[in-house]
Amino acid sequence: MILFPAVDIKDGRCVRLRQGRADAETVFSDDPAAMARHWQAQGAKWLHVIDLDGAFSGMPANFELIRRICADLSVPVQLGGGIRDEATAKAYLDAGVQRLIIGTVALEEPDLYARLCAAFPGRIGVSLDAEGGRLKTKGWVADSGLTVDDVLPRLLDAGTAFVIYTDIDRDGMQTGVNLAALERLAGMCPVPVIAAGGVATLEDVRALYPLTLTSSVEGAITGRAIYTGTLDLHAAMEWIAAQ
């Protein structure tokens, strides 16, 4: 089981949003690169980085900062936010990002998404961000009118390497993972599935752990919980290792 500490970048700072709302922001650090190094020191095996400015604007906004984070770390980085053309994807991969998370393009431009998967095999994943069962795009501010069931077969056929499933209703709310929705999704996915939204305590990690043994669930992204201290990342990594 992999825990992915989240470093969300907005205006050059490390922040967390509640339910993806730009007006519900908490700043946790003015130095995202230092924060990334901290989580690696706590035992993280991967880092989950989101360019929130890019997600809202549709273009990269923190490229040099993200390049520096990749250079600073020895663990791999997965990145999302504002990746909406092949040139941007290539630039990030060349800058040291291990794999890319595509959201809006995957739902709104299926041909482009398929080209990205073909151009960078094994390195393109999709972020399925659901609120009330409906998928959101453009930094969670637009309703696609689609459900997971509507899009998943096409995304898998295109060559999706991994799936991140966010329960927006739970994101930043620290209310636990939606295990039923996650288990259902994993049953439809031959590729790794990563949970996002709701991981708040070691109990949530323990509740999710069995799914990583019996299904395609790979792990979970954790953000607010590790910043506020309701989840001790180092202790959680030790618990997983002990299993």
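Extension gain, Glu64 to Gln243, is 60.6 nm, computed as 0.36 nm per intervening residue step minus the present C-alpha separation.
Overall, the chain carries a charge dipole of about 320 debye about its Cα centre when +1 sits on the Cβ of Lys and Arg and -1 on the Cβ of Asp and Glu, all other atoms neutral.
Applying 1/(1 + (r/R0)^6) with R0 = 35 Å to the Cβ-Cβ distance of Thr147 and Asp11 gives a FRET efficiency near 0.60. A Förster radius of 51 Å, combined with the Cβ-Cβ distance separating Val27 from Leu213, puts the computed FRET efficiency at roughly 0.85. Taking each DSSP H run with n ≥ 4 as -39500 (n - 2.57) and averaging over every residue of the chain yields -11500 deg cm²/dmol at 222 nm.
No value in this document is a laboratory result; all are computed from the given coordinates. Because the structure is predicted, anything quoted here is derived from the model rather than measured. Glycine gets a Cβ as well: all are built from the backbone with ideal geometry, and neighbour counts include every protein chain shown.
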